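The values are calculated or read from the model by the stated rules, or taken from the named source; none is laboratory data. Predicted model only: the values in this text are computed from it and were never measured. Every residue, glycine as well, gets a Cβ built from its backbone with ideal geometry; the counts of neighbours run over all protein chains shown. Surface accessibility is based on the protein's heavy atoms, side chains included, excluding ligands, DNA and RNA. Shrake-Rupley method; radii C 1.70, N 1.55, O 1.52, S 1.80 Å.
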Amino acid sequence: MSAHISATVADGVGHVTLDRPQAINALSYEMVRELTAVFDAWRHDSEVGVVVLDGAGDRGFCAGGDIRELYHYATNDGHGEARDFFRTEYRLDAAIARFPKPVVAIMDGITMGGGIGLSGHAAIRVVTERSKLAMPETRIGFTPDVGGTWLLASAPGETGVHLALNSRTMTAADAIYAGFADSYVLSRDLPHLLQALAERADPGSPAEIVMLFDETPAEASTLALARDWIDECYSAPTVAEIIARLRAHAHPDAASAADELETLSPTAMAVTLESVRRARTLPNLEAALEQEFRAVNWFLGQHDLHEGIRAQVIDKDRNPTWNPPELRDLPHDLGARVLDDPSAGPVFDTGG
């Protein structure tokens, strides 16, 4: 293993840790390849009955993909390498979802983007009082991927569209409500949870063990409380109409949401809305990943992705210049064009 992945097997538990705490365990291509090797090895390892996936440090499980690495690929004719990275990552996410042994993902602290891909499809998904979950891609002129659209599409009402377009950060209660997590465990109890998993009498009962530590979040989900205005506004057919409905709504949070949307990439929002809406009609996670891959392949060559990363991560001026700057300047069928483009090729050999 590299310095950024730690994997051990003891007492029937395969414990794999993202170990890049200085970058909130952001995923590099090397880390994705090594995680793939770990899960491949443990799939048929009789010494592994359950897998625990977590992150080192006290800031979070995983802040997402390594955005600087993506920027290098996108701006230095490395699109082929970028596609290889995304294919490998998506296959890993699907492998975790279909893993024949229970995978317990512990999303303590910041868990975003690629971190959602690793944890959000696991069999048992744990959040804590410190958890902050998001699919923040529209902030960098990009679109949710790693199976994020599959999760967003299944969120109650129009909350998934709201989370996607606004890159909204979820609390633990929000994450459970939206279907991104299953159980709430206090961070101080995580060592005891790991010990209980190692000492379990029944190798088939990790979910029951997690439930022994499960509590109710101290604060209710603000996302759930906002369902009325979210459903009313985000059910509009286009981003422009969503913003218009938000402007017309009496709830003060609706106006704030509209303000936020008007700062984001029109291109990213248009494609994201189409992607989440279409994901509702897809048969499985793999189909959603295939659709996302087509979108990601297209975004690699787009100005807004390069500019969004520059503004948020490279220069950090937080002042991106989007092109085009207005929703009205986009082709009405942009989302369909992007998601129907076959030029990226497939992620899965069988098409999922």
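For first residues located in region 125-140 and under 30 Å from His192 (Cα atoms), partners that are open to solvent by 40 Å² or more (accessible area, probe 1.4 Å) and among the acidic types (Asp, Glu) and lie 6+ apart or on another chain with Cβ distances below 7 Å form the pairs Arg125/Asp182.
Pairing each residue of region 36-63 that is within 22 Å of Val127 (Cα to Cα) with any residue that is among the acidic types (Asp, Glu) and open to solvent by less than 40 Å² (accessible area, probe 1.4 Å), provided the two are 6+ apart or on different chains, yields C-beta distances under 8 Å for Asp54/Asp108; Gly55/Asp108; Gly60/Asp108; Phe61/Asp54; Phe61/Asp108. When Ile116 is tested against (1) of a type outside the set (Phe, Trp, Tyr); (2) surrounded by fewer than 24 Cβ atoms within 10 Å (Cβ to Cβ); (3) outside any loop (DSSP other than H, G, I, E, B), only condition (2) is not met.
Listed here are the residues, each with its yes/no results for (1) more than 18 Å from Thr149 (Cα to Cα); (2) part of a helix (DSSP H, G or I).
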{"site": "Ala257", "(1), (2)": "yes, yes"}
{"site": "Ser275", "(1), (2)": "no, yes"}
{"site": "Leu282", "(1), (2)": "no, no"}
{"site": "Val296", "(1), (2)": "no, yes"}
{"site": "Ala336", "(1), (2)": "no, yes"}
{"site": "Pro346", "(1), (2)": "no, no"}
{"site": "Asp349", "(1), (2)": "yes, no"}
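Cβ separations smaller than 9 Å between residues 6+ apart or across chains give the following pairs from region 316-334 residues that are within 18 Å of Ile67 (Cβ to Cβ) and free of Cβ contacts under 8 Å to residues at least 24 places away in the same chain to residues that are of a type in the set (A, V, I, L, M) and assigned to a helix (DSSP H, G or I): Asp317/Ala311; Arg318/Ala311; Asn319/Ala311. The listed residues are Arg294, Arg337, and the only one of them that is open to solvent by 40 Å² or more (accessible area, probe 1.4 Å), more than 25 Å from Ala94 (Cα to Cα) and of a type in the set (Lys, Arg) turns out to be Arg337.
Taking the listed residues Phe142, Phe99, the one that is aromatic (Phe, Trp, Tyr), part of a loop (DSSP other than H, G, I, E, B) and surrounded by fewer than 24 Cβ atoms within 10 Å (Cβ to Cβ) is Phe99, with no other qualifying. Tell me, please, whether a residue that is under 23 Å from Thr216 (Cβ atoms), open to solvent by less than 20 Å² (accessible area, probe 1.4 Å) and part of a loop (DSSP other than H, G, I, E, B) can be found in region 157-165. Among the residues of region 157-165, not one is under 23 Å from Thr216 (Cβ atoms), open to solvent by less than 20 Å² (accessible area, probe 1.4 Å) and part of a loop (DSSP other than H, G, I, E, B), which makes the answer no.
Look through region 259-273, keep the residues that are more than 19 Å from the chain's Cα centre (by Cα) and assigned to a helix (DSSP H, G or I), and return whichever of them is farthest from Leu92 (Cα to Cα). The selected residue is Asp259. Apart from one condition, Leu70 fits all of (1) under 18 Å from the mean Cα position of the chain (by Cα); (2) at pLDDT below 95; (3) surrounded by fewer than 21 Cβ atoms within 10 Å (Cβ to Cβ); the exception is (3).
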